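Everything below concerns the one structure shown next.
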Amino acid sequence: MKLYRLQTKQQLPISLEAAWDFLSDPGNLKIITPHYMGFNILGGAERKMYPGQIIQYIVTPVAGIKTKWVTEITHVKDLEYFVDEQRFGPYSLWHHKHFLKEIEGGVEMEDIVDYKLPFGILGQMVHPFLVGPKLKEIFDYREKKLKELFGEFKSRRMRITTK
């Protein structure tokens, strides 16, 4: 069983409160997701994030194939972090931690995504040329959109590893 990890950090020139207000609103996820992915929230995003919240999406990650994705917000600590976990969707495991911390001149966001692909060895074979690059592309887009919305601070760091 291969477990992959994607880790990113990005600094934004905004207050911790402004970053939290934007990122803890599930409705804003559509804004920072590439349009070609056909991201659409079906339900559960009417309120700011809270533990136990179930959010349903439709997303089209590859080749126009629509996929239903259901996540649960499992942990929330105001102004510090929240965690979403896939309950149903394209991954065998998806555990996404979002951390925020105040830094001089703004805020640093850190994302740590631990994920496992379905289909055993076949999933592992497509990771280097399909899944890994697609996730990088999605997080690159998010970085660009956040810079457009809030301004540029410093570039972020991203890496994908295997555990």
Whether any residue in segment 90-97 is farther than 20 Å from residue 12 by Cβ, at pLDDT below 95 and part of a helix (DSSP H, G or I) is what I want to check.
no
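For (1) aliphatic (A, V, I, L, M); (2) more than 26 Å from residue 119 (Cα to Cα); (3) touching a Leu at 6+ places or on another chain (Cβ under 6 Å); (4) modelled with pLDDT of 95 or more, each residue gets a yes or a no:
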| position | (1), (2), (3), (4) |
| --- | --- |
| 13 | no, yes, no, yes |
| 23 | yes, yes, no, yes |
| 32 | yes, yes, no, yes |
| 53 | no, yes, no, yes |
| 61 | no, no, no, no |
| 71 | no, no, no, yes |
Those residues of segment 22-56 that are under 11 Å from residue 73 (Cα atoms), over 16 Å from the mean Cα position of the chain (by Cα) and among the small types (Gly, Ala, Ser) come to a total of 2
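Filter segment 4-40 down to the residues that are of a type in the set (Val, Ile, Thr) and either in contact with a His (Cβ under 8 Å, 6 or more places away or on another chain) or buried (at least 16 other Cβ atoms within 10 Å of the Cβ) (or both), then identify the one that is nearest to residue 111 (Cα to Cα).
Going through the qualifying residues, I end up with 8.
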Mind checking whether some residue in segment 106-124 is modelled with pLDDT under 95, of a type in the set (A, V, I, L, M, F, W, C), more than 26 Å from residue 30 (Cβ to Cβ) and touching a Ser or Thr at 6+ places or on another chain (Cβ under 9 Å)?
yes
Give segment 89-125 a look and list any residue that's surrounded by fewer than 17 Cβ atoms within 10 Å (Cβ to Cβ), of a type in the set (Val, Ile, Thr) and touching a Phe, Trp or Tyr at 6+ places or on another chain (Cβ under 8 Å), or say none.
112
Return yes or no: is residue 47 of a type in the set (Lys, Arg), surrounded by fewer than 17 Cβ atoms within 10 Å (Cβ to Cβ) and in a loop (DSSP other than H, G, I, E, B)?
yes
Could you list, in sequence order, all residues of segment 1-32 that are without any contact (Cβ under 8 Å) to a residue 60 or more places away in the chain and among the small types (Gly, Ala, Ser)?
24, 27
One residue from 66, 77 being modelled with pLDDT of 95 or more and basic (Lys, Arg)
77
Could you grab me the full set of residues in segment 101-152 that are part of a loop (DSSP other than H, G, I, E, B), closer than 24 Å to residue 11 by Cβ and not small (Gly, Ala, Ser)?
104, 152
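The values are calculated or read from the model by the stated rules, or taken from the named source; none is laboratory data. On a predicted model such as this, the values are computed, not experimentally measured, just so you know. With ideal geometry, Cβ positions are generated from the backbone for all residues, glycine too; neighbour counts draw on all protein chains shown.
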